[in-house]
Amino acid sequence: MILEEKDLSSIITGAVRTWEENGEIHFSRFTEKQTALYAQKNGGELLKKTFATASMTLDFITDADKLSFDWFMREASSRRFYHFDFYVDGVMTDHYDAEKKTACARGHAEFMIPEGKHHITLYLPNLMMTTLYNVELHGATMFEPVKKVRKFYFVGDSITQGYDAIYPSMS
């Protein structure tokens, strides 16, 4: 099962908008108007930081046996490390270290899922602009968003974002 922008939009948490551009799916914590304000007022470091995927997760239920995707990272902070944390039924089963440590890189990630229906949570890197493409749930016959019962909105600085956290799920 190939997941498209509309599918990822239904399962992303922590983003106020998603969009597809050149086959890549983008996520943002800010509205277009808010991003434009940062561009107008600052245009430098603060604008760049608005593109970080801090506190974003893909959260869904599936019976797939594997999740795979290609990723593209762009600099969105002064830090150049990026990791994905993968949870199955609330337990971290993988911590993917991209190991590239550059301001701009592409890669591929795969996460195995045990047999049966499971609650999957993928934490996106918190210090880079992360775009995904070729997102696939292998062997899936079902896919559904996790219904959230509460929403929290956090306002803060680098500490709130988890600025030096290597595990995005623990920031």
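Say R0 is 35 Å: what FRET efficiency, to the nearest 0.05, do I2 and V88 get from their beta-carbon distance? Result of the calculation: an efficiency of 0.95. Taking the protein heavy atoms of the chain in the context of the full set of protein chains, the accessible area attributed to carbon and sulfur is 52 percent at 1.4 Å. For the stretch 1-133, the solvent-accessible area with a 1.4 angstrom probe is 46 square angstrom per residue. With 0.36 nm allotted per residue and the present C-alpha distance subtracted, the T141-S78 stretch has 18.6 nm of extension available.
Multiplying the residue separation of H108 and T160 by 0.36 nm and removing their Cα-Cα distance gives an extension gain of 15.9 nm. Sequence-ordered 3J(HN,Hα) estimates for the stretch 71-80 from the Karplus curve with 6.51, -1.76 and 1.60 and θ = phi - 60° stand at 10, 9, 10, 10, 4, 9, 6, 7, 9, 10 Hz, glycine and proline given as x. Could you tell me whether the stretch 37-131 comes out rounded, prolate or oblate from its Cα gyration tensor? Rule is a ≥ b ≥ c as square roots of the eigenvalues, rounded for a/c under 1.5, then prolate if a/b exceeds b/c, otherwise oblate. Prolate, since a/c reaches 1.5 and a/b exceeds b/c.
Give the shape of the stretch 120-171 as rounded, prolate or oblate, defined through the alpha-carbon gyration tensor: a ≥ b ≥ c are the square roots of its eigenvalues, a/c under 1.5 means rounded, and otherwise the shape is prolate if a/b is larger than b/c and oblate if not. Verdict is oblate for the stretch 120-171. Against the main long axis of the alpha-carbon atoms of the chain, helix 32-41 sits at an angle near 30°. Checking the cross-link pairs K101/K151; K100/K148; K33/K148; K33/K147 against a 31 Å limit on the alpha carbon distance flags K101/K151; K100/K148 as lying beyond it. Just to be sure I understand, if you calculate volume of the Cα convex hull per residue in Å³ for this structure, which of [x] 167; [y] 154; [z] 112 do you get? Evaluating volume of the Cα convex hull per residue in Å³ on these atoms matches [z].
Within a Cβ distance under 9 Å of K66, other residues only, what is the Lys/Arg minus Asp/Glu net charge?
With Lys, Arg at +1 and Asp, Glu at -1, the neighbours total -3.
The phi torsions of the stretch 112-121, fed into the Karplus equation with coefficients 6.51, -1.76 and 1.60 and a -60° offset, translate into couplings of 7, 10, x, 4, x, 8, 9, 8, 10, 10 Hz, rounded to whole numbers, with Gly and Pro shown as x. Per-residue ellipticity at 222 nm, computed for the chain from helices alone with -39500 (n - 2.57) per DSSP H run of at least four residues, works out to -3500 deg cm²/dmol. The charge dipole of the chain, taken about the Cα centre with unit charges on the Cβ atoms of Lys, Arg (+1) and Asp, Glu (-1), comes to about 860 debye, rounded to the nearest 20.
The values are calculated or read from the model by the stated rules, or taken from the named source; none is laboratory data. As the structure is a computational prediction, the values presented were derived from the model and not from experiment. In this analysis, Cβ positions are derived from the backbone assuming ideal geometry, glycine residues included, and neighbour counts consider all displayed protein chains. For accessibility, only protein heavy atoms count, side chains too; no ligands or nucleic acids. Shrake-Rupley method; radii C 1.70, N 1.55, O 1.52, S 1.80 Å.
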